[in-house]
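Bear in mind these aren't lab numbers, they're just calculated from the coordinates by the rules spelled out. Quantities reported herein were computed from a predicted structural model and do not represent experimental measurements. Please note: Cβ atoms are built from the backbone with ideal geometry, for glycine as well, and neighbour counts cover all protein chains shown.
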Amino acid sequence: MASQSKTKPAKEVKAAKAVGAPRKFKMYINGEFVEGHRRAFFPVYDPSTEQVIAEVPDADEQDVNRAVAAARAAFDSGPWPQTTAQDRGRILFRLAERVRKEAASLANLECRNSGKPITEAEYDIADVATCFEYYGGMATKVLGQVNPVPDNALSLSLREPIGVAAQIIPWNFPLLMAAWKLAPAIAAGCTCVLKPAEQTPLTVLEFASYLTDAGLPPGVVNIVTGFGETVGAPLVRHPDVDKVAFTGSGEVGKAIVKAAADTLKRVTLELGGKSPNIFFADADFEAAIDGALFGVFVNQGEVCSAGSRILVEKKIYPKFVEAMSAKAKTIRLGPPLERETKMGPLVSKDQFDRVRAYQEIGKKEAKTAAGGGRLASQSKGYYVEPTIFYDVDNSARIAREEIFGPVATVIPFDSEANAIKIANDTQFGLAAAVWSRDIFKAFRVVKALRAGIVWVNHMQPTYVEAPWGGYKQSGFGRELGPNGIDEYLETKQVHINLNEQPIGWY
Ligand code: NAP
Ligand code: MG
């Protein structure tokens, strides 16, 4: 989900300082920066140099218990339950303002830790601020309802916070994913324990240092760093957690649903996909080529909504593959802090190996039009060439499995019905796009696509004002927009009898 809001990017960012000793971070529990009880740390890397740039606490179940206890106490007592919607809104506005003030250094840190180009990191950080602002405004717009019951009574629906939310996020948009989860939760009056991805915990830890200044009481937001098995899993099964919000792989999503079932927690899942980007012959050709490239290669393809299945009408197919491949070869890969860079390294060695493996699978399953290997000019860093496979059959592994890297599969189609059939022939349903100058055709396809987000003549712009989430195995629940706060609210029905004598049988 490449965010491309209109907000201006932060100003010039200084180049990385010479690598010194790794910076030691602490995690954030009950309003304090703390180490884990074992005092263990794990290394965090710069994927463009493969060097360790930081160390963060390697937390375990005992630390999770401490964070959940803090979040539980903050929800059940203390000042938070008495905080007004106006107060919560103001806290969120202050956080937005602080993020804007620190945008340059946050973007720099995000860029170094994740490998994404600095210009994209700047967009992400601007979107983080916008997200806090949006939910700051929404805090005072959570409305209940009067129900027209057929009696002399006043029937009300009240919206109340769900309680303690466990929030588990991935590494592709580190601080932005945290914002998508924390902002609506705070607006709703919930308390949170957030686990960043092991690869990219730095910006959210930096962000934690703004919380007290913004007026957030201790325990309302807790950040616990560590691994899926040792921090994520205990969080999900913890009986004092009321809700789990997860973004990541389908495999972990399924494990979370099973683990959350024991205590019937509310669960929302955002699980990525294999999104079709459909090009009809009547589309604007130049815009289409750019849209195909941006749709799949933005953020190195490490995007849950990546348009990784490029469906092209046969009439323009050869020309399309040729033009797209020619342009892909000109995409500038390089150090993410350089402003001209359009694609940086992948986030980690694991992700690099995984994507490289898919490149090899692709070479056997289809024809290669561009890329197919690692970037030869860089000896260090997890750089992978933007890769385009064509004449791909939709049943191939590279067309069915989420690769989460810069690997595009181009598939020809011969009719509108055929395009729809191929597009929907997937276990996923996160996003899709359709390109055509014929609005009747475009809208027919929009209606037929089984996906939570559909773009027309564009792919990837994401706005905090509009709902985000998937159909089918791309998950359930919605983030962003008014739907985003609903996922942190319960509904309480209140019946107020207005008869002096209550109705009854006795
Ligand atoms: P992942 O394993 O699903 O990780 C996402 C988050 O869940 C991380 O914070 C992870 O902890 C945590 N986690 C792992 N196991 C858990 C468990 N049993 N209980 C609770 N939390 C757990 O994703 P990944 O390993 O980072 O990436 C693998 C693949 O997932 C990618 O190649 C891609 O296909 C997909 N993915 C999708 C998205 C998306 O936006 N939809 C984002 C990232 C990845 P750790 O920090 O220890 O991993
Ligand atoms: Mg993982």
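Some observations on this one:
- The Cβ shell under 14 Å around Ala376 holds other residues with a net charge of +3, Lys and Arg each +1, Asp and Glu each -1.
- Cβ-Cβ FRET estimate between Thr263 and Lys492, R0 fixed at 25 Å, reported to 0.05: 0.75
- Two-decimal ratio, the range 295-383, of alpha-carbon radius of gyration to 2.2 N^0.38 Å: 1.14
- Cut-off of 10 Å, at most 13 other beta carbons, DSSP loop: longest stretch of the chain lacking such trypsin sites (Lys or Arg not before Pro): 40-328
- Distance between the 7 Å Cα→Cβ label points at Ala417 and Lys364: 3.6 nm.
- Inter-probe distance in nm under a simple model that places probes 7 Å from Cα toward Cβ, at Glu251 and Phe33: 3.5 nm
- Spatial extent of the range 57-192: Rg and Dmax, with the Cα atoms as the point set, Å: 18.2, 64
- For the chain, complete DSSP H runs whose alpha carbons reach 15 Å or more along their own long axis and whose mean Kyte-Doolittle score is 0.5 or higher are 174-188, 250-261, 285-297.
- Whichever aspartates and glutamates have a C-alpha closer than 15 Å to that of Lys441, once near sequence neighbours (fewer than 8 apart) are set aside: Asp282, Asp284, Glu313, Asp414, Glu416
- At R0 = 41 Å, FRET efficiency that the Cβ-Cβ distance of Glu338 and Asp438 yields, to 0.05: 0.50
- Measuring max minus min along each principal axis, the C-alpha atoms of the range 104-165 give extents of 63, 22, 14 Å (largest first).
- Chain lengthening between Glu500 and Ser209 when straightened (0.36 nm per residue, less Cα-Cα): 99.3 nm
- If the chain linking Arg397 and Ser157 were pulled fully straight, counting 0.36 nm for each residue of separation and taking away their Cα-Cα distance, it would gain 81.6 nm.
- Theoretical gain in end-to-end length, Gln62 to Lys141 [0.36 nm per residue, Cα-Cα removed]: 24.7 nm
- Amide N proximity, the range 191-223 versus Phe42 label position 7 Å along Cα-to-Cβ, cut-off under 13 Å: 195-202
- Label positions at Glu465 and Arg450, each projected 7 Å from the Cα along the C-beta direction, are separated by 3.2 nm.
- Of the chymotrypsin sites (Phe, Trp or Tyr not before Pro) in the range 217-283, those whose Cβ has at most 15 other Cβ within 10 Å and which sit in DSSP loop: Phe227
- In the chain, the DSSP beta bridges split such that about 45 percent are antiparallel, to the nearest 5.
- DSSP beta bridges in the range 13-147 [antiparallel fraction, %, rounded to 5]: 80 percent
- Here the chain is treated with +1 on each Lys and Arg Cβ and -1 on each Asp and Glu Cβ, and its dipole about the Cα centre works out to around 700 debye.
- Ellipsoid semi-axes for the range 212-285, based on the Cα gyration tensor and the rule √(5λ), read 34, 20, 12 Å when sorted largest first.
- Kirkwood Rh and Cα Rg combined as Rg over Rh, evaluated for the range 288-436: 0.95
- GluC sites (Glu not before Pro) restricted to DSSP loop in the range 453-498 with at most 13 other C-beta within 10 Å: Glu465
- Leu346, Leu269, Leu156 arranged by Cβ crowding within 10 Å, fewest neighbours leading: Leu156, Leu269, Leu346
- Radius ratio Rg over Rh of the chain, counting only Cα atoms, Kirkwood formula for Rh: 1.00
- Semi-axis lengths, largest first, of the ellipsoid equivalent to the range 363-438 are 27, 13, 13 Å, with √(5λ) applied to each eigenvalue of the Cα gyration tensor.
- Gap separating the Cα centres of the range 319-398 and the range 62-96, nearest whole Å: 43 Å
- Taking the empirical scaling 2.2 N^0.38 Å for compact globular proteins as reference, the range 419-504 has a Cα radius of gyration ratio of 1.68.
- Dipole orientation for the chain: of the candidates Ala73, Thr426, Val193, Thr426 has the Cα lying most toward the positive pole (charges on Cβ; Lys, Arg +1; Asp, Glu -1).
- Restricted to Cα atoms, the range 159-256 shows a radius of gyration and a Dmax of 12.7, 38 angstrom.
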